[in-house]
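Q: I am attaching a structure below and will ask some questions about it afterwards.
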Amino acid sequence: MSGGDTDIASAAGTAPTAGTTTTAATASTAKASTSSSADHNVSILLAVLVSVGLTALVMAFLLPHLWYDFHKISDVPHYQGYAERMANGERPFTEAFPVEYPPLAIPLFRLPGHPYDLPGYYRWFHVEMGLVTLLAAAVTTLVACRFWPRGGRAYVAAALFPVAVALTGAIILNRYDAALALVIAVFILCLTARWYTAAAFVLGAGFALKFTPAALLPLALLLSGHPRRWAWPLAAFFAAAIAPFLPYLFTSPRGLWHVFQYHLERPLQIESVLGTPMLFGKLIGLMQATSGQSHASAQLVATGAGLAADMSGGLTLLAVAGVYLLVWRRRRWLRGAPPDQAIAVLALILALMTFGKVLSPQFFIWTLPAWVLVAARDRVLAVIGGAALLLTGIEFPALYLRLVAMAPESVAIVVVRNILLLCFFAVACWRLWGLPETAAMGKTSTDC
């Protein structure tokens, strides 16, 4: 296409004066024809139907026929146990009924019904998470259509979402983290529309669902402009974040504190990136490493594991702060370039995952909306992120028990995946670094 334009321009420049007008008209007609065919308007309905339809096919026909049992190492029985106790009249978030999940997770556990019937609960929980995943696909595709209202890039994003679900595997229906993916997709949509108060409200609800989305709040504030504009977003965030805790705060504060204490006390998890040097040392025979059980997951038992767990909080804060430093320097550009906002969201999520002491496979579900939107135009991040998803799907749940037993092939897969995750984060930060610091499209900033 660029070569054709160059040829036309050359012809116009060397033709006799009398023919210049005709040649210019020909060039204009050719460019208009090319533009109309290449930059056609995107059909939002078609793009959403493609994404939702393909995602539904993946969940209905691919995920149940993977090389491992669909229900292998599932948290659904754990959720069903909560539902059964609540059906018996027990009140959660008490000392007698401790819960490690924030309050907005409880309605998701109760919604499937069938509290005394595990097969029925399985079935309807999968339906619930399937519908949530389809909503996440639809919202992500809608964002892509807003990013790229012409051309084919929105359709690429529409097709990438079901690909991401396929790479993730059955875990997307066996955990409730698809709800976090939906929260992040809606958050990006609100940023795109400049609905900063709504974006903050969504993050507050996400905090009451699984804590993590709170780390995205400063992004909404920075994009909203001058600090005097932060009052309503902050009020919306805290209202949505605190309200679900209030029914339990005064009746059983110690039971509610267990939600926070549980996660603060968790040791270094066997799949965490911070444990990668120890796993690699085990793999090549330079150090001893084993696994143990703690907080319903496998922990890494090795020299330095305790120190790594203690350092994870500080390292995570530094990583998140580093991303925000990049965002701060480029906030004017980001306000006028919505597609680049998805890179910032992706980098922040990856910062939390890469340096946390816990890295469970379901955490990768959080990345799906941002990764799809970034991968639609960035081949490097598409390949790295897709490879990390693929290796996670290969390792869990089929090879997880072998990882716990420190089988070399499973350890090697996790080591490679973790290195890819670190590269994923680094490249996302590099992309942020490469953005201009001036306002996009000549727009001026109202920031101080």
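Q: Of the residues in segment 112-142, how many are in contact with a Phe, Trp or Tyr (Cβ under 7 Å, 6 or more places away or on another chain) and exposed (fewer than 15 other Cβ atoms within 10 Å of the Cβ)?
A: Selection size over segment 112-142: 1.
Q: Return the residue satisfying two criteria in turn: it lies in segment 369-387 and is within 21 Å of Val183 (Cβ to Cβ) and of a type outside the set (Phe, Trp, Tyr), and of such residues it is farthest from the chain's Cα centre (by Cα).
A: Ala376
Q: Quick check, is Arg153 within 28 Å of Pro218 (Cα to Cα), surrounded by fewer than 22 Cβ atoms within 10 Å (Cβ to Cβ) and of a type in the set (D, E, K, R)?
A: Considered against the rule, which asks whether it is within 28 Å of Pro218 (Cα to Cα), surrounded by fewer than 22 Cβ atoms within 10 Å (Cβ to Cβ) and of a type in the set (D, E, K, R), Arg153 comes out as no.
Q: Would you please list the contacts, defined by Cβ atoms under 6 Å and residues six or more apart or on different chains, that run from a residue in segment 67-79 that is crowded, with 16+ Cβ neighbours inside 10 Å to a residue that is part of a helix (DSSP H, G or I)?
A: Sorted first by the residue in segment 67-79, then by its partner, the pairs are Phe70/Pro64; Ser74/Asn174; Val76/Tyr122; Val76/Phe125; Val76/Asn174; Tyr79/Phe109.
Q: Just to be sure I understand the filter: pairs with C-beta atoms under 6 Å, separated by 6 or more residues or on different chains, first member in segment 296-321 and under 17 Å from Leu352 (Cβ atoms) and outside the structural domain of Leu348 (by TED's automatic domain parsing), second member hydrophobic (A, V, I, L, M, F, W, C) and at pLDDT below 95. Which pairs pass?
A: none
Q: Ok, one more. Would you please list the contacts, defined by Cβ atoms under 6 Å and residues six or more apart or on different chains, that run from a residue in segment 422-441 that is at pLDDT below 95 to a residue that is in a loop (DSSP other than H, G, I, E, B)?
A: Pairs found: Glu437/Arg330; Ala439/Ser445; Ala440/Ala337.
Q: Tell me which residues, restricted to segment 346-384, are of a type in the set (Gly, Ala, Ser) and buried (at least 21 other Cβ atoms within 10 Å of the Cβ).
A: Matches in segment 346-384: Ala347, Ala351, Gly356, Ala370, Ala375, Ala376.
Q: Sticking with this structure for a sec: Kindly indicate the residue of segment 222-239 that is surrounded by 14 or more Cβ atoms within 10 Å (Cβ to Cβ) and out of contact with any helix residue (DSSP H, G or I) (no Cβ under 6 Å at 6 or more places or on another chain) and also farthest from Trp195 (Cα to Cα) among those meeting that condition.
A: The qualifying residue farthest from Trp195 (Cα to Cα) is Phe238.
Q: Would you be able to say whether some residue in segment 208-225 is free of Cβ contacts under 8 Å to residues at least 12 places away in the same chain, over 27 Å from Val48 (Cα atoms) and assigned by TED's automatic domain parsing to the domain that holds Ala105?
A: Among the residues of segment 208-225, not one is free of Cβ contacts under 8 Å to residues at least 12 places away in the same chain, over 27 Å from Val48 (Cα atoms) and assigned by TED's automatic domain parsing to the domain that holds Ala105, which makes the answer no.
The values are calculated or read from the model by the stated rules, or taken from the named source; none is laboratory data. The shown structure was predicted, so the numbers you read here are calculated from the model rather than taken from an experiment. Neighbour counts are summed over all protein chains in view; Cβ atoms, including those assigned to glycine, are modelled from backbone coordinates with ideal geometry.
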